[in-house]
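Working notes, beginning with the structure itself.
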Amino acid sequence: MTATGTPMVKAEGVSKSFGSNEVLKGIDLEVGAGEVLCIIGPSGSGKSTFLRCINHLERVDAGRLSVDGEVVGYRQHGQKLYELKPKEAARQRREIGMVFQRFNLFPHMTALENVIEAPLRVKRVPKAQAVARAQELLVRVGLGDKGSSYPSQLSGGQQQRVAIARALAMDPKLMLFDEPTSALDPELVGEVLDVMKGLAASGMTMIVVTHEMGFAREVADELVFMDGGVVVEAGDPREVLADPKHQRTRAFLSKVL
Amino acid sequence: MSESIQARQAGAVPPPAGARAEPIEAVKLRHPWRIVFAIVLVLAVVLFLIDAAQRTAYGWPFVGKYVFDKRISAAAFVTLQLTVYSMVIGVALGLALAVMRLSPNPVVKSVAWLYVWIFRGTPVYVQLVFWGLFSLIYPHVFLGVPWTSLGYSLSLSFMQNAFVIAVIGLALNEAAYMAEIVRAGLLSVDAGQEEAATALGMSWGQTMTRIIIPQAMRVIIPPTGNEVISMLKTTSLVAAIPLTTDLYGVARDISAVTYTPIPLLIVASLWYLLFTSILMVGQYFLEKRFSRGVNARRPARGRAAGSLAAAGAPDGNDLGGKG
């Protein structure tokens with residue numbers, strides 16, 4: 001763990017309910033800058049909700065969640081928290097890239113247009129500069145020749161790689177991946193994981209909700225097993241996967257491995 | 001034995017080179033009744049045309065005389081202006097109302113609901129009569145502090161101009177229908193799109209204008225084309241205001257002098273048909289433009305039928321109003 005300075009993500013007792021359904025029941029976590037955290041767990045365990053709380057797509061009900069020392073979704077004055085205006089929340093979000101299970105590329109734009117959209121509109125980067133950077137990113141995810149293709153003309157794996165390039169175009173300091181390979185055909189999973197490995201190797205801070213245990217073992221600095229809205233077990237991925245301490249972790253792993 | 005193998009190859013798996021399967025040369029299925037039906041229909045139409053050409057009541061010489069009459073073409077231009085202006089205002093207002101209906105703000109939401117309730121719930125004809133009488137109720141409005149003379153009195157004399165009343169009346173009614181069409185379009189866009197845009201740090205306005213509305217257009221355009229065509233014909237109701245410079249109004253005025261109502265009805269219908277035909281071509285190209293990035297197979301007729309069904313409620317209602 002990098003002990004230098006504030007952690008990139010810090011969660012203390014983060015809780016979230018949808019109506020009477022308590023999805024997160026006090027999550028404590030810390031992710032240092034440059035670290036890769038993988039979250040595994042059965043569906044409905046709250047992994048995706050937690051991820052969505054980090055960039056304020058969902059509102060945290062209780063506890064504290066901060067990114068790079070800044071409380072997510074609120075401004076702190078003394079002990080009091082003030083809800084952020086939409087504009088301020090948007091400013092926080094643009095530093096956090098997110099990749100979705102279902103890609104969510106903009107279907108009416110080409111791959112290149114998808115990548116330059118946010119830099120152009122949100123950051124007001126000059127067009128030539130945005131295009132050059134987007135082209136660079138598309139090459140980086142192995143799609144340098146697909147800039148003019150519409151999402152519907154790309155395979156699932158290619159779409160997800162464009163989605164990664166789109167998130168990277170905002171130069172985020174943190175990347176969130178919400179089951180990025182779950183909607184892909186098995187033979188396309190590898191190409192997306194390879195891009196993510198490269199990203200991890202370049203020092204990007206990443207939180208990855210995944211079912212890819214091989215990826216977790218190889219790339220993650222820390223592995224968290226969530227179930228029923230709580231962190232059941234956390235630690236070095238090789239140790240957790242090889243020798244889970246908790247009964248629930250063991251039961252889950254015996255089903256997926 | 002070898003025959004059955006060949007048959008199987010002809011099915012799914014492409015045969016290896018050299019063992020190419022023969023193309024099937026089967027006798028085509030015939031549809032004799034289609035031909036019979038077509039012949040009967042053509043005959044009926046021909047008989048009708050021959051008969052119609054001989055009937056003096058149609059007044060064909062009058063049709064030829066008035067179809068390019070300057071008064072008629074000028075009136076057709078008025079009808080076109082009424083359609084364009086009221087549609088432009090109607091679409092803009094409808095878009096605003098649709099966004100309001102989907103707003104998280106309950107006040108804004110209720111206002112939009114109330115508007116649609118009133119303007120969709122009363123006939124256009126009645127609304128047009130009402131707007132024609134509007135200046136009798138409100139000759140001017142006073143903007144200022146109530147029960148004092150502090151403020152500004154705004155003259156509403158422009159509400160005595162029949163053309164202005166017509167545009168306002170038609171546009172306000174149209175907005176209610178457009179609001180529903182636009183709302184359906186906005187709701188048709190996958191929620192993941194808004195989420196992705198939000199996650200990129202785009203504001204709500206940017207998300208709407210750049211991401212949601214362009215995708216909603218694909219759903220909005222076909223029924224809107226339908227509305228434009230519908231509006232073109234609804235303009236004939238401006239007689240209620242009364243405004244008589246539109247196509248149907250002028251055709252009626254001329255026939256009142258010449259005692260030839262039937263040929264002038266035909267003349268007016270020909271002009272309406274011409275405009276709707278042009279609009280249909282325009283709609284085709286608009287639909288093409290907004291289906292970028294969507295590879296879905298689009299049999300032009302099938303799609304139009306589907307969209308008509310989608311816009312069924314407003315259209316049916318409109319026709320009811322005209323009757």
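The values are calculated or read from the model by the stated rules, or taken from the named source; none is laboratory data. Since we're looking at a predicted model, the values are computed, not measured. Virtual Cβ from ideal backbone geometry, glycine too; neighbours counted across all protein chains shown. The accessibility values were calculated without ligands, DNA or RNA, using every heavy atom of the protein model including side chains. Shrake-Rupley method; radii C 1.70, N 1.55, O 1.52, S 1.80 Å.
From a point 7 Å beyond the Cα of B:F77 in the direction of its Cβ, which residues of segment B:222-255 have a backbone N at a distance under 18 Å?
Within reach of a label on B:F77, which here means backbone N under 18 Å from a point 7 Å along Cα→Cβ, segment B:222-255 contributes B:244-251.
In terms of modelled amide H atoms, which long-range or inter-chain residues lie less than 5 Å from the amide H of A:V72?
For A:V72, whose amide H was placed from the backbone, the distant partners under 5 Å are A:L65, A:S66, A:V67.
Please compute the modelled spin-label separation between B:V27 and A:H211, points set 7 Å along Cα→Cβ, answer in nm with one decimal.
For the pair A:H211/B:V27, the computed spacing is 5.5 nm.
Highest GNM mean-square fluctuation, chain A, Cα pairs closer than 10 Å: which of A:K80, A:K127, A:K197?
Highest fluctuation among the options: A:K80.
Taking the Cα centre as origin and putting +1 on Lys and Arg beta-carbons and -1 on Asp and Glu beta-carbons, what dipole magnitude results for chain A, to the nearest 20 debye?
Its charge dipole is roughly 940 debye.
Would you calculate the separation in nanometres between label points at A:E239 and A:D61, each defined as 7 Å from the Cα along the Cα-to-beta-carbon direction?
Calculated label separation equals 3.3 nm.
Can you check what the Kirkwood hydrodynamic radius comes to for segment A:1-138, Cα pairs only, in Å to one decimal?
17.0 Å
Please work out the C-alpha center-to-center distance from segment A:74-129 to segment B:52-88 and express it in whole Å.
When both Cα centres are located, 55 Å separates them.
I want to verify a result. In a Gaussian network model of chain A, Cα cutoff 10 Å, which of these has the top mean-square fluctuation: A:A167, A:A118, A:A220?
Residue with maximal mean-square fluctuation among A:A167, A:A118, A:A220: A:A118.
Regarding the protein assembly as shown, what whole-number volume in Å³ per residue does the convex hull of its Cα atoms give?
Output value, Cα hull per residue: 280 Å³.
Return the FRET efficiency for the residue pair B:I35, A:D145: r is the Cβ-Cβ distance, R0 is 51 Å, and the value is rounded to the nearest 0.05.
0.45
Pick from A:P180, A:P237, A:P86: which is most flexible by mean-square fluctuation in a GNM of chain A where alpha carbon atoms under 10 Å apart are linked?
Top of the fluctuation ranking is A:P86.
If you take every DSSP beta bridge fully contained in the protein assembly as shown, what fraction is antiparallel? Give it as a percent rounded to 5.
Antiparallel: roughly 65 percent of the beta bridges in the protein assembly as shown.
In the calculated pair distance distribution of segment B:114-182, what percentage of Cα-Cα distances lie above 16 Å?
So the pairs more than 16 Å apart make up 57 percent of the total in segment B:114-182.
List the residues, sorted by chain then number, that are 5 or more residues from A:L174 or on another chain and whose placed amide H is less than 5 Å from its amide H.
Hits under the 5 Å cutoff: A:G97.
Through the Karplus equation 6.51 cos²θ - 1.76 cosθ + 1.60, θ set to phi - 60°, convert the phi angles of segment B:99-114 into ³J(HN,Hα) values in whole Hz; use x for Gly and Pro.
5, 5, 4, 8, 5, x, 6, x, 5, 4, 4, 5, 4, 5, 5, 4
Mind pulling the per residue volume of the convex hull built on the Cα atoms of chain A? Å³ is fine.
Per-residue hull volume (Cα only) is 140 Å³.
Using a 1.4 Å probe over the heavy atoms of the protein chains, calculate the carbon and sulfur portion of the accessible area of the protein assembly as shown as a whole percent.
Carbon-and-sulfur percentage of accessible area, whole number: 62.
Residue by residue, what Karplus-based ³J(HN,Hα) values in Hz, rounded to whole numbers, does segment A:145-154 have, using 6.51, -1.76 and 1.60 with θ = phi - 60° and x for Gly and Pro?
9, 10, x, 8, 7, 7, x, 5, 9, 10
Could you please tell me the mean projected area of the C-alpha convex hull for segment B:133-220, averaged over all directions and given in square nanometres to one decimal?
Quarter of the Cα hull surface area: 9.4 nm².
At a threshold of 8 angstrom on Cα-Cα distance, excluding pairs fewer than six apart, so keeping six or more, what relative contact order does segment B:112-256 reach in percent?
So the answer I get is 28 percent.
Straight distance only, please: which lysines reach the Cα of A:K25 with their own Cα at less than 19 Å, same-chain residues fewer than 8 apart left out?
A:K10, A:K16, A:K47
No solvent, one uniform scatterer per C-alpha: report log10 I(q)/I(0) for segment A:127-257 via the Debye equation at q = 0.09, 0.15, 0.20 1/Å, two decimals.
Listed by q, the Debye log ratios stand at -0.31, -0.77, -1.17.
Using Cα-Cα distances under 8 Å and only pairs 6 or more residues apart, what relative contact order does segment A:73-164 have, in percent?
Value for segment A:73-164: 31 percent.
I'd like the antiparallel share, as a percent to the nearest 5, of DSSP beta bridges with both residues in segment A:64-204.
Antiparallel bridges: around 60 percent, rounded to the nearest 5.
Please give the length that would be gained between B:Y152 and B:A256 if that part of the chain were fully extended, namely 0.36 nm times their separation in residues minus their C-alpha to C-alpha distance (nm, one decimal).
Taking 0.36 nm per residue and subtracting the Cα distance, the gain is 32.8 nm.
Before rounding to the nearest 500, sum -39500 (n - 2.57) across all DSSP H runs of length at least 4 in the protein assembly as shown and divide by the residue total; then give [θ] at 222 nm in deg cm²/dmol.
Calculated at 222 nm, the ellipticity per residue is -17500 deg cm²/dmol.
Could you tell me, in Å, what Rg and Dmax come out for the Cα atoms of segment B:184-271?
Rg then Dmax for segment B:184-271, in Å: 22.4, 69.
Each residue of segment A:97-107 in turn: what ³J(HN,Hα) in whole Hz from Karplus with 6.51, -1.76, 1.60 and θ = phi - 60°, glycine and Pro shown as x?
3J(HN,Hα) across segment A:97-107, in whole Hz: x, 9, 10, 9, 4, 9, 6, 6, 5, 7, x.
Check each residue of segment B:177-201 and keep those whose accessible area, probe 1.4 Å, is at least 40 Å² smaller with all protein chains in place than in the chain alone; give them in order of residue number.
In segment B:177-201, residues shielded by partner chains: B:Q193, B:E195, B:A196, B:T198, B:A199, B:L200, B:G201.
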